[in-house]
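Asks: Handing you a structure now.
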Amino acid sequence: MRPLTESETKTLFEKLATYCGKGIQNLIDDPNSKSDRMVFRIQKDRVYYVRESLANLATSVKREALLSLGTCLGKFTKTGKFRLHVTSLSIIAPHARYKVWVKPNGEMPYLYGGNVLKAHVGRWSEDCPEHQGVIVLNMSDTPLGFGVSARSTAEARRLDPTGIVTFRQADIGEYLREEDTLFTT
Amino acid sequence: MAPSKPSHKGKPGGKLGSAAKKPSGSKPKGSAPTGISKRQQKSQTLLKPGGAQKTKSKPVNNGRKKKRVYTEAELDIPKLNSIIPAGIAKPKGQKKGKIFVDDAESMIAIMSVVNAEKEGQVESKIMRARQLEEVREAKRKEAEKRSAEKEKKFEERKQGLKKKRSKQSDKSEFDDVENEAPQKDKKSKKRVSFG
């Protein structure tokens, strides 16, 4: 376990910035938090968002024995890109810039791994461009996952009801579907 | 002890005496049969391994001036011209290994750079989408206008045709009244039947 290097930090923040607005600065330096600051730590190829005191305690565990700590944000691929995991949803959802609200009839298809169709959309954020990260929520504002917008909002309006509005990236159904592999390192 | 000393002394003395006699006698003997002059003898001694080195180095040093060896700094070669292997080009005193970013300030600095970049990208995307939307809207309006014009022309043409027809029908009504009888005659006349 170690802190991130400069290039790794940049790659991570670029990915986070596709889903979040300016609110992600609160991830590093939250003025409201009274406890100690949160830090990013990399263990093997996975990046964790963890309290600093906990990270300091974890230094007493040897690298091979340390399975996980804090919240896993995602992993670095072997090509050096960063892939967000569904476990990061609770961290990025409060700072999301673009959102799509799914009607109750569209919740289950989405949680089974499907894309978001226009017929299932209850609301969406205005002025969302194409291929921009969006957070998917149900009508009672519970985050269900995140994805990438297939069309801009203006284009999506003209789309037929079966057309895809958002491509799925991760959803909370993965906690069940990927139960065996989600937390293995 | 006393007898040994003189005997010891005497031996070398005797030897010396004989030796002093022998070389004086033998030298002229040796030189005379061969007939080598003093100069030739010297040159012969040069061929011997011991003597050769002594005499060889001397004439070389005396004949030519010793070449000056320049150091690289003295030559004043431009730096780009010298070879610096790629792996060794690192500046001195630099820390080895990874440089971690763990303090909030530098992380915020990186984040603000990344945010600015992303913001620019999103803005440009939105702008492009708006422009495309405007172009599409303009095209749609033009197409609507064109179709409306076409419709209007069609309607006009239709109306024109209707009017023409109504005029023609009026005329034909009058004609019918006048030409009813002769038409029947004509038809009966033209009829042809076979078999």
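Here, each number is a calculation from the coordinates, and none is a lab measurement. Worth saying up front: this structure is predicted, and the values here are computed from it rather than measured. Cβ coordinates were reconstructed from backbone atoms using ideal geometry, including for glycine residues, and neighbour counts include every protein chain displayed.
Asks: Report ³J(HN,Hα) in whole Hz for each residue of the stretch A:109-116, in order, from the Karplus equation J = 6.51 cos²θ - 1.76 cosθ + 1.60 where θ = phi - 60°; Gly and Pro get x.
Replies: Running phi through 6.51 cos²θ - 1.76 cosθ + 1.60 with θ = phi - 60° gives x, 5, 6, 8, x, x, 7, 8 Hz.
Asks: What Kirkwood hydrodynamic radius do you get for the stretch B:104-166 when you take the inverse of the mean 1/r over all pairs of distinct Cα atoms, in Å? List each step's numbers first, then the result.
Replies: On the way: mean 1/r = 0.0611 Å⁻¹.
It works out to 16.4 Å.
Asks: Starting at the first residue of the stretch A:81-94, write each ³J(HN,Hα) from the Karplus equation 6.51 cos²θ - 1.76 cosθ + 1.60 with θ = phi - 60°, in whole Hz, x for Gly and Pro.
Replies: 8, 10, 10, 6, 9, 5, 5, 7, 4, 5, 8, 8, 4, x
Asks: Give, rounded to the nearest 20 debye, the magnitude of the charge dipole that the stretch B:104-166 has about its Cα centre when Lys and Arg contribute +1 at Cβ and Asp and Glu contribute -1 at Cβ. Walk me through the numbers before you get to the answer.
Replies: Values: 19 positive and 13 negative charges, 290 e Å.
The calculated dipole for the stretch B:104-166 is roughly 1400 debye.
Asks: Picking from A:66, A:85, A:125, whose Cα lies most toward the positive end of the charge dipole for the stretch A:20-157 (charges on Cβ: Lys, Arg +1; Asp, Glu -1)?
Replies: A:66
Asks: Also: Below 8 Å between Cα atoms, with a sequence gap of 6+, how large is the relative contact order for the stretch A:96-176 in percent? Working shown, then result.
Replies: Numbers: 177 pairs, mean separation 28.4, N = 81.
Averaging sequence separation for qualifying contacts and normalising by length gives 35 percent for the stretch A:96-176.
Asks: Here's a follow-up. Can you tell me the orientation of helix A:6-19 relative to chain A, as the angle in degrees between its alpha-carbon axis and the longest Cα principal axis, to the nearest 10?
Replies: Here the helix axis deviates by roughly 30 degrees.
Asks: When the helices in chain A are scored as -39500 (n - 2.57) per DSSP H run of 4 or longer and the sum is shared across all residues, what 222 nm value do you end up with, to the nearest 500 deg cm²/dmol? Before the final figure, lay out each step's value.
Replies: Values: 7 runs with 46 residues, N = 185.
So the helix-based figure for chain A works out to -6000 deg cm²/dmol.
Asks: Based on the Cα coordinates of the stretch A:2-92, what is the per residue volume of their convex hull in Å³?
Replies: On the way: hull volume 8.8 nm³, N = 91.
Measuring per residue, one finds 96 Å³ for the Cα hull of the stretch A:2-92.
Asks: At 0.36 nm per residue, and after removing the present C-alpha to C-alpha distance, how many nm does the segment from residue A:140 to residue A:29 gain when stretched out fully? If you can, show how the numbers build up before the last one.
Replies: On the way: separation 111, 0.36 × 111 = 39.96 nm, distance 2.91 nm.
Extra length from residue A:140 to residue A:29 when fully extended: 37.0 nm.
Asks: Separate question: For B:80, A:66, which order do you get if you count the other beta carbons within 10 Å of each Cβ and list the fewest first? Spell out each step's value before the answer.
Replies: Numbers: B:80 6, A:66 17.
Least crowded to most crowded, the residues run B:80, A:66.
Asks: How many lysine pairs in the stretch B:104-166, separated by 8 or more positions in sequence or lying on different chains, have Cα atoms less than 28 Å apart?
Replies: Lysine pairs, 8 or more places apart or on different chains, close enough: 23.
Asks: Calculate the spin-label point distance for residue B:79 paired with residue A:62, positioning each point 7 Å from the Cα along the beta-carbon direction, and give it in nanometres.
Replies: 4.6 nm
Asks: Counting C-alpha atoms alone, how compact is chain A: give Rg to one decimal and Dmax as a whole number, in angstrom.
Replies: 17.5, 58
Asks: 5 Å is the cut-off here: which amide hydrogens, built 1.01 Å from N in the peptide plane, fall below it relative to residue A:165, excluding neighbours closer than 5 in sequence?
Replies: A:116, A:117, A:118
Asks: Still on this structure: On alpha-carbon atoms, Rg over Rh for the stretch A:61-139 using Kirkwood Rh?
Replies: Taking Rg over the Kirkwood Rh, I get 1.08.
Asks: Sort B:135, A:47, B:114, B:69 so the one with the fewest other Cβ atoms within 10 Å of its own Cβ comes first.
Replies: Numbers: B:135 10, A:47 26, B:114 20, B:69 6.
Fewest to most other Cβ atoms nearby, the residues stand as B:69, B:135, B:114, A:47.
Asks: Rounded to whole Hz and in sequence order, give me ³J(HN,Hα) for the stretch A:125-131 from the Karplus expression 6.51 cos²θ - 1.76 cosθ + 1.60, θ = phi - 60°, writing x for Gly and Pro.
Replies: Per-residue couplings from phi come out as 6, 6, 6, 7, x, 6, 6 Hz.
Asks: OK, next. Could you line up A:175, A:49 from fewest to most neighbouring Cβ atoms inside 10 Å? Before the final figure, lay out each step's value.
Replies: On the way: A:175 13, A:49 20.
By the 10 Å Cβ count, ascending, the order reads A:175, A:49.
Asks: Using only the Cα atoms, work out Rg/Rh for the stretch A:101-167, with Rh taken as the Kirkwood radius, to two decimals. Walk me through the numbers on the way to the answer.
Replies: Details: Rg = 10.5 Å, Rh = 11.5 Å.
Rg/Rh for the stretch A:101-167 comes to 0.91.
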